[in-house]
Amino acid sequence: MPQPSSRFPLLSFPLLPLRSTTHRVVPGSKLDQHLSTGRYSVRMLRYWWTAQAIARESKRQGRPLAIVELGSERGWMKQFTPPEAVASWTGLDWNPRAEAVSVAGYDVVHQANFDVTLPLPDTCADVVISSHVFEHLPRPGFTIAEVSRILKPGGIFLGTAPTLPQWIARLREKWYRKELAAGRIVPGGHITVLSPIRWKRLCYDTGLDVEFATGSHTLRLTGSFLENHHWWVRANQFTAALIPSLGSECCVQARRAAPLVDTPHSLPKGNDRRRRRIIAAAALTALSLTVAAIWYFTR
């Protein structure tokens, strides 16, 4: 799997014409139309890299994986993922769509508000996916904590969202929130901006170890003849990885850390006795200095 030190993790994933990596695409569907714009539709890369990461993790663990997807929408993500890597697939969405079950074959799709506790038990997922969801969330810290809760120790989070450099992201988010308060942006629109630095902080604060945070691509040019060329995508990925905050999207893989301590332990008694002795010595010293000072000034 890509190592934490890797600067170019997406370049390690095999890149084939995207239509050849999909399953059960309905002719004439919206997904079919997107795939028809080019052999390597840059817009579809978010599904490609996530599916590749799942396949690699399944191979690493030697078994199919239990997957939870935040923002399942029409179920396109599963249509890019090798079936042998999937043990179960649960979708969560504000507005669940029947296509996720009827076409993509999700086991279940729940209606979910990502700003409250997710309707899933602790440690139920090997993989949690979030593609272009966090930029719509008012409290990304709360939601990433829920992601950590439902992940098994050693499980991975795969996230993608539009990105900007940190200082621009802060200004942009302030503007979004001002527009939201004024009613010029409706809830559910873009209200949060996630730089690579912010992704890393969110993960760190919730017990997720970031293995990579990289750019997906630099230029899209949807429908251009360039999308038929392998080198165009690879060049896009290379330049986005050089400066992830200037890529169009930031891709994150983070692994839930195992607990450092499984059960609470009391401090060893020796440490407690040492602490009492230090406090007693300090108190005796302070008392002695006080008595000496009183004697000196009153003699």
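The values are calculated or read from the model by the stated rules, or taken from the named source; none is laboratory data. Predicted, not measured: the structure shown is a model, and the values here were computed from it. Methodologically, a virtual Cβ is constructed for each residue, glycine included, from the backbone with ideal geometry; neighbour enumeration extends over all protein chains shown.
For segment 140-156, does any single residue satisfy the condition of being small (Gly, Ala, Ser) and modelled with pLDDT under 95? Steps first, answer last, please.
Residues of segment 140-156 small (Gly, Ala, Ser): 141, 145, 148, 154-155.
Right, trim to modelled with pLDDT under 95 and you get none.
Taking every residue of segment 140-156 in turn, none turns out to be small (Gly, Ala, Ser) and modelled with pLDDT under 95.
Answer yes or no as to whether Gln52 is out of contact with any Gly (no Cβ under 6 Å at 6 or more places or on another chain) and modelled with pLDDT of 90 or more.
On the way: out of contact with any Gly (no Cβ under 6 Å at 6 or more places or on another chain): yes; modelled with pLDDT of 90 or more: yes.
Yes.
So Lys30 clears everything in (1) farther than 25 Å from Phe134 by Cβ; (2) surrounded by fewer than 16 Cβ atoms within 10 Å (Cβ to Cβ) except one condition, right? Which one?
Single failed check for Lys30: (1).
Restricted to segment 196-208, and to residues that are touching a residue at least 12 places away in the same chain (Cβ under 8 Å) and surrounded by fewer than 20 Cβ atoms within 10 Å (Cβ to Cβ), which residue is nearest to the chain's Cα centre (by Cα)?
By that ranking, first place goes to Lys200.
For Val68, work out the one condition from (1) surrounded by fewer than 16 Cβ atoms within 10 Å (Cβ to Cβ); (2) under 27 Å from Ala145 (Cβ atoms); (3) β-branched (Val, Ile, Thr) it doesn't fulfil.
Looking at each condition in turn, Val68 falls short on (1).
Between Lys78, Lys59, which is basic (Lys, Arg), surrounded by fewer than 17 Cβ atoms within 10 Å (Cβ to Cβ) and in the same structural domain as Phe114 (by TED's automatic domain parsing)?
Lys59
Against the definition (modelled with pLDDT under 90 and on the phi < 0 side of the Ramachandran plot), how does Leu287 come out, yes or no?
Criteria met by Leu287.
Looking for whichever is out of contact with any Lys or Arg (no Cβ under 7 Å at 6 or more places or on another chain) and at pLDDT 95 or above here; the options are Val101, Val109, Val68. Which one fits? Spell out how you get there, then give the answer.
Numbers: Val101 fails: at pLDDT 95 or above; Val109 fails: at pLDDT 95 or above.
Exactly one residue qualifies, and that residue is Val68.
Can you work out which of the residues in segment 209-226 that are over 19 Å from Gln166 (Cβ atoms) and touching a Lys or Arg at 6+ places or on another chain (Cβ under 7 Å) is surrounded by the fewest Cβ atoms within 10 Å (Cβ to Cβ)?
The selected residue is Thr222.
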